[in-house]
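Colleague: If you scroll down you'll find the structure; I have some questions about it.
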Amino acid sequence: MDCGVEKDIQKAVAEFEVLLREQVARNERIRKSRESAGNGKEEGRGVTIGLTAGDGIGPVIMKEARAVLEKLLAEELASGEVRLREIDGFTLENRLEKGQTVPDEVLTEMRQCDVLLKGPTTTPNASMNTKNLESANVYLRKTFDLYANVRPVSIPEEGIDWTFFRENTEGEYALGSRGIRIGDSLDVDFKVTTREGALRIARAAFDFARANGKKRVSIVTKANIMKKTDGDFLQICREVAEEYPEIETDNWFVDIMAANLVNKDIRNQFQVFLLPNLYGDIITDEAAQIQGGVGTAGSANIGRDYALFEAIHGSAPRMVEEGIEGYANPASLMKATAMMLAHIGYVEKAERLEKALDAADAKLGPKMTGLPGGGTCREFADEVLEAL
Ligand code: IPM
Ligand code: MG
């Protein structure tokens, strides 16, 4: 064997040991945080909402989401019960300039908020001829330990009301930037399931089902192939399911679930989905597309002490390059805004926003093509504001 390859293997074995120890420690941290008290936030202190626009179409859709928040929370903003805090500098340019996925000063500001409404951020990649920074989404999910990615999709006229619980901190994402190359002949990436990580997302999904009168939770894996990581994920979810005997639990492989979602005869029978990270990423884009496009879906990233709300889609840099960013659909970020309002306790306002979104959608939805000639971001926002 050539000695370069031999050296790479030795280095890889040492690195693998480091990775394993880190992940064992992470599992232990999750266990301890489960046993310790909550986030200790004082009652009556009000809530600070961070707003960070991101890249591409981000500033365009954030402007409208902010207008909606200002209208809905007018009284609370005036009294100081709610504070909006604009966080600048979370742009691709600044991130590249600082060489940091989330520049320190941006992270410090984020930490000073209770929740964050985030516009899409572009992930730098090798083709950009720059430092290959980690995805900001992935970094923030890990940093704030936002383990539950909750993504609702509904199509009332078809009787579809789906809620996806995607595990958000492990799977292929835990070590996605830490794969190993041996010589020029072999690449290996790692996928991680921890017991504690699977337990907490399973509990989140079943608790949600119980609290919302859902009758069925569907676990989605590829446990026939990924026998350890998906095998354990499935096993742990089933264990948790036993604590919820009133809820029917079934399990599917991800390939057939992808098919099920386009099968109109059965798809409206699904209610809550419980998935590891990467399958959740893929299946929720499919579900959003069925709902009317990724521009129509919001996403909540929830942890024990922090929560971040965003659109399900990316920053669409192509729309900006082509000068058509004004046609971006703000519904996605507005849905995330509604989820955020419910999360911080303004349930009635969240419902009002959802109704206003439905009204705007009924009027303009099909016109929101993202293309010239279609409905614009402004027009859509005006409909929502008027319906509020
Ligand atoms: C999502 C996105 C992210 C993901 C990207 C931007 C890293 O696709 O939130 O679904 O893969 O999770
Ligand atoms: Mg995705």
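Read-outs throughout are calculated quantities, based only on the coordinates presented, and are distinct from any laboratory measurement. Since this is a predicted model, take the numbers as computed values, not measurements. Neighbour counts run over all protein chains shown; Cβ positions are idealised from the backbone, glycine included.
Colleague: Excluding same-chain residues fewer than 8 positions from LYS355, which lysines have a Cα within less than 16 Å of its Cα?
Modeller: LYS71, LYS335, LYS363
Colleague: Output needed: percent of Cα pairs per 10 Å distance bin for segment 145-249, bins running from 0 to the one holding the longest distance.
Modeller: With 10 Å bins starting at 0, P(r) equals 13, 40, 29, 13, 4, 1.
Colleague: Now a separate question. Over all alpha-carbon pairs in segment 48-180, figure out the percentage whose distance exceeds 25 Å.
Modeller: 38
Colleague: Still on this structure: For the chain, what D do you get in µm² per second when you plug the Kirkwood radius from alpha-carbon pairs into Stokes-Einstein at 25 °C and 0.890 mPa s?
Modeller: 111
Colleague: So what's segment 47-93 giving for Cα Rg divided by 2.2 N^0.38 Å, two decimals?
Modeller: So segment 47-93 has a normalised radius of gyration of 1.23.
Colleague: Counting other C-beta atoms within 10 Å, and keeping those with at most 12, which DSSP coil trypsin sites (Lys or Arg not before Pro) do you find in segment 280-388?
Modeller: Here no loop site has a sparse enough neighbourhood.
Colleague: Tell me which residues come under 5 Å, amide H to amide H, from ARG178 once H is placed; ignore anything under 5 positions away on its chain.
Modeller: The list, which skips near neighbours in sequence, is empty: none.
Colleague: Separate question: Over segment 329-388, what portion of Cα pair distances is larger than 19 Å, expressed as a whole percent?
Modeller: Here the long-distance tail beyond 19 Å is 27 percent of all Cα pairs in segment 329-388.
Colleague: Tell me the volume per residue, in Å³, of the convex hull enclosing the alpha carbons of segment 283-354.
Modeller: Hull volume normalised by residue count: 102 Å³.
Colleague: What ³J(HN,Hα) values, in whole Hz, does the Karplus curve 6.51 cos²θ - 1.76 cosθ + 1.60 give for segment 279-290 when θ = phi - 60°, with x put for Gly and Pro?
Modeller: 5, x, 4, 6, 5, 6, 5, 4, 4, 5, 5, 5
Colleague: What list of ³J(HN,Hα) values in whole Hz, one per residue of segment 263-275 in order, does the Karplus curve 6.51 cos²θ - 1.76 cosθ + 1.60 (θ = phi - 60°) give from phi, with Gly and Pro shown as x?
Modeller: Each residue's phi maps through the Karplus curve to give 9, 5, 6, 10, 5, 6, 7, 7, 10, 10, 10, 10, 9 Hz.
Colleague: Restricting attention to segment 72-129, which GluC sites (Glu not before Pro) occupy a DSSP loop and are surrounded by at most 10 other Cβ atoms within 10 Å?
Modeller: Sparse-neighbourhood loop GluC sites (Glu not before Pro): none present.
Colleague: If you don't mind, there's one more thing I want to ask. Report the Cα centroid-to-centroid distance between segment 104-157 and segment 196-233 in angstrom, as an integer.
Modeller: If you average the Cα positions of each part, the centres end up 23 Å apart.
Colleague: So, one more: Considering only C-alpha atoms, what is the centroid distance from segment 352-366 to segment 291-320, in Å?
Modeller: Taking the Cα centre of each part, segment 352-366 and segment 291-320 sit 18 Å apart.
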